[in-house]
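Just below is one structure, and these are the notes that go with it.
The values are calculated or read from the model by the stated rules, or taken from the named source; none is laboratory data. Since the structure is predicted, the reported quantities are computational estimates derived from the model, not experimental observations. As a convention, Cβ positions derive from the backbone with ideal geometry for all residues, glycine included, and neighbour counts pool all protein chains shown. SASA here: full protein model, heavy atoms, side chains in, ligands and nucleic acids out. Shrake-Rupley method; radii C 1.70, N 1.55, O 1.52, S 1.80 Å.
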Amino acid sequence: MVKNRTLIYRLLTVFLFSTVLFSCRLPEKTPTREIVYLKDGWKFLNKDIATPNFKDIDLSSRETVSVPHDWAILGEFNEDIDAQVVTVLEDGEEKPAKRTGRTGALPHIGIGWYHKTLDIPENWEHKRVFIEFDGAMSHARVYVNGDYVGEWPYGYSSFGFDITDKINIGEENELAVRLENKPYSSRWYPGAGLYRNVRLLATNPIHIPQWGTYITTPALVSGKGEVKIATTIVNTYSEDSDITLLTEIYDQGENLVARAESAFQIKDTIVQEQNITVPNPQLWSPGSSVLYKAVSKVLKNGRLIDLYETVFGFRYFEFTNDAGFFLNGENMKLKGVCLHHDLGPIGAAINVSAIRRQLTILKEMGCNAIRTSHNPPAPELLDLADEMGFLVIDEAFDEWEAEKVENGYHLLWEEWAEKDITAMIHRDRNHPSIIMWSLGNEVREQIEPDGATNCRFLHDICHREDPTRPTTAGFSRWKESIENGMADVVDVPGWNYKPQYYNTTHKNHPEWKMYGSETASTVSSRGEYFFPDEPCVHCVHEPYHCSSYDLEYPIWATSPDREFAAQDSFAFMGGEFVWTGFDYLGEPTPYNEQWPARSSYFGIVDLCGIPKDRYYLYQSQWGDKEVLHLLPHWNWEGKDYIPVHCYTNYQRAELFVNGKSMGIKEKDPSELYRTYRLVWDNVPYEPGELKVVALDENNAQIKEAVTKTAGKPSRIILEAYSGTISLSNNELDFVSVSVCDSEGNLCPRASNNISFKTKGNGHVKAVGSGDPTSLEPFVKPERKVFNGKCMVYIQPAQEGDIVLTAESEGLVPANISISVKK
């Protein structure tokens, strides 16, 4: 077991402050530092080569790519890719079984080389120059002009190196990056390549390194906000220097609200602490995501030599052992979801507009929290969480020293665990959205007698680097993790799928603060319905789908209703994080051994961002909108009776079939599965109109929802998510495609094949349907709709208009125009 090593920590601290640079929000260019994003002009080869030197390599035949880049998402699905024969203890398995599609069945295994020419301007002659990576999947080795610079194996970590002594000023320089994804190294689709941003940073010799500020905002006192800011300044000159640090605080309207000034002498590296009082600050919360900015200015002899910006927020929070979670003094349930890092049909390559769309969909549902499962996220997700108002659990690992998968993190643990978790905390600790550091998820140390040793090791690092936030971990082995002491090490133990034990645990450990770190794991396929509509451990349905009545789950999981009941019953629970917000590539439980299942069924929203029925169940419990959602569809053949469910935040409603009442139903707290939904068990089926009417206590009609039997597929309807795309920041638009009858009703069983083409200033980047069994390549500009729907991802090329046309044999075609702006 790894033990705390003071000497290693000291060396690590110097290494991190002086050479490892990370993303913080900075202007693209300031008078004192320059940032150059390395996006275009990369040459890529998906095999190993003997040398990183340009002069020894023919680059002319290589593929030219832009970064962020995921080399695997462009490929075809194959059941033999990374097929694993494993015993998954976390799923209750006792013997090995073959799992196809566990890591997405896309060609992410192998070695990839990226080469790029760097033009280093002459005015950088007296600068320090750094290369920064927000993440590289995986086992990155970096070379400049053929010389080895450094490496970082964990694909989810941000890292960087000082390359000042490797570059030639005013000349072309050669950057090479070697990546290797090993087989049997993941439990989900990890992506492949330089899938997060890469950039150059040039600073003056005296400068604030990225990650160079650490800001905390304790609770308000008499309406005043205290900002504690520790600023690291590095001096690479050989002589001592007298400098001044001027820190200015600006509000969201760019108004200067406070400042502090410190003068001191610096020899090599110094951490300067300042306390600044801000009068009457506005507090950050999910409902009011107010942000401030600290501008740190370093002056020498009165001349500005560095300027560094840090975005932060004022907020305070606590977990309690009796009343759950409090933010800014107000009791609040965490209504959270777990998110893997892939973005569905566009893969793991980071895209801000795709993440923003995901978070907007979740916000509309009433979600207020994200757990980054099970690794450090892209920094862009945390920026958006700050901006949009999401609380975040930032998670470090899925595996520690005990092995889960053959080539997993246990091979890196001894040398890299402290570096990786320190890197995560230093990069992320200024984000007001982050409320806890998660040490890991369902690690197998849970079942080891001395498992608490590694847990304590990571816990102590977190408190050393950021004493302001509690630690947590996701525990699936409830009994064992309590008995071996792991649950007692973390500040706030999280329970995976244990609503039946919440009360028992609280009685046995009344001092503990707790929440549901993973909940439900209900499985469903959008628009698929199987009978009977009863809570059950999942059944095998041909062709490998799960029921959208939202009552099927794996043996270790539960329905949403059971977790709702537990959270409502026990005030001491801080909330829940549903597994998962969106479907993700890989881990196709319950069809782990069946092909062609290749992506998950857990999501509240499907892989393409189309909400499943379950979305409206959560919206009815979490959100503040009026919800009245009917399921299933009303197109049935050979069925005499159909169970009908209504997800609603109304207490009672009446159901009608073609105007005939099927009776009034009221939520019944005496029966679990009728507490959070209205259910009519045996509704006579006849084509026509299914209507539900919400009623008040006097049977007055409040709101109605209607589902109609659709006729034959007749036409295509296109709807753009935004209709306008900006060329900046690699934005996309998302076009929803529906197959409808002649009256515009969705055809809920349609599977028409639709082809897409564009005219103008953009192209189809990807197409997906949300069908977890579809083997159609995402990059192919056609798709069989899944239960009447699919999604097209549009990428702009230049300013102007893009016209997307959708065609299918026997259907009236459709087109839509999307505007592209600078």
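Overview of values
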read-out: Carbon + sulfur, % of accessible area of the stretch 525-611 - ligands and nucleic acids excluded, 1.4 Å; value: 53 percent
read-out: Whether the stretch 274-401 is rounded, prolate or oblate, judged on the alpha carbon gyration tensor where a/c under 1.5 counts as rounded; value: oblate
read-out: Rounded accessible area of residue 297 (nearest 10 Å², 1.4 Å probe); value: 50 Å²
read-out: Violating pairs (Cα-Cα greater than 18 angstrom) within the set 224/513; 95/404; 757/780; 43/116; value: 224/513
read-out: Too-long pairs where the Cα-Cα distance tops 25 Å, listed order kept, from 639/708; 47/759; 363/660; value: 47/759; 363/660
read-out: 222 nm mean residue ellipticity, helices alone, for the chain (DSSP H n ≥ 4; -39,500 (n - 2.57); rounded to 500); value: -4000 deg cm²/dmol
read-out: Listed candidates (1) 34.0; (2) 28.1; (3) 30.1 - label of the one calculated as Kirkwood radius over Cα pairs in Å; value: (2)
read-out: Share antiparallel - DSSP beta bridges, the stretch 322-475, percent rounded to 5; value: 10 percent
read-out: Percent carbon-and-sulfur accessible area, the stretch 60-192, ignoring ligands, DNA and RNA, probe 1.4 Å; value: 42 percent
read-out: Residue 616 accessible area, assembled protein chains, probe 1.4 Å, Å²; value: 70 Å²
read-out: Whole-number accessible area per residue in Å² for the stretch 428-477, which is evaluated in the context of all protein chains at 1.4 Å; value: 24 Å²
read-out: Within the chain, longest stretch free of exposed GluC sites (Glu not before Pro) [DSSP loop, at most 11 other beta carbons within 10 Å]; value: 255-510
read-out: Size of charge dipole - the chain - debye, nearest 20, with Cβ of Lys, Arg +1 and Asp, Glu -1, no other charges; value: 1060 debye
read-out: Antiparallel bridges, percent of DSSP beta bridges restricted to the chain (to nearest 5); value: 80 percent
read-out: Heavy-atom accessible area ranking, 1.4 Å probe, most first, across 466, 696, 119; value: 119, 696, 466
read-out: Förster radius 51 Å - calculated FRET efficiency between residue 264 and residue 753, Cβ distance, rounded to 0.05; value: 0.15
read-out: Prolate/oblate/rounded label for the stretch 72-121 (Cα gyration tensor, a/c 1.5); value: prolate
